[in-house]
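K.L.:
Okay, here's the structure, questions in a sec.
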């Protein structure tokens with residue numbers, strides 16, 4: 001089942017970005033991932049204003065593939081650099097559709 005990683009990134013220090021961009025994208029692909037969006041064109045439609053400078057949406061073939069990317073020792077120094085230079089949040093969701101399994105969300109909604 002497809003698994004999606006949503007990265008919300010607020011950059012505080014951009015010195016990590018060139019090295020990250022030059023190396024991490026190939027690691028994502030090596031784990032079967034593909035970028036569906038990497039955008040700084042962010043509009044808050046409802047709720048608190050989103051403060052992210054960038055939101056990335058990455059699709060992996062499985063949750064295990066996503067976890068393997070996150071745990072890849074080759075990725076560790078890049079993750080550490082991103083974490084040091086940003087306020088960021090990574091969120092994982094699977095491709096399930098709960099429609100029909102809860103009373104207020106019927107199939108076809």
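K.L.:
Would you call residue 100 more than 23 Å from residue 10 (Cα to Cα), modelled with pLDDT under 95 and assigned to a loop (DSSP other than H, G, I, E, B)?
P.N.:
yes
K.L.:
Would you confirm, using the coordinates I've provided, whether residue 33 is closer than 17 Å to residue 4 by Cα and under 15 Å from the mean Cα position of the chain (by Cα)?
P.N.:
So residue 33 passes the test.
K.L.:
Next up: If I go through region 37-63 residue by residue, how many of them are under 15 Å from the mean Cα position of the chain (by Cα) and touching a residue at least 24 places away in the same chain (Cβ under 8 Å)?
P.N.:
12
K.L.:
What strands (runs of 3 or more DSSP E), lying completely within region 1-96, carry at least 1 residues that are surrounded by 17 or more Cβ atoms within 10 Å (Cβ to Cβ)?
P.N.:
Hits in region 1-96: 3-11, 54-60, 86-94.
K.L.:
Looking at this structure, is residue 62 under 16 Å from residue 5 (Cα atoms) and modelled with pLDDT under 95?
P.N.:
No; evaluated as a whole, the condition is false for this residue.
The values are calculated or read from the model by the stated rules, or taken from the named source; none is laboratory data. The shown structure was predicted, so the numbers you read here are calculated from the model rather than taken from an experiment. Cβ coordinates were reconstructed from backbone atoms using ideal geometry, including for glycine residues, and neighbour counts include every protein chain displayed.
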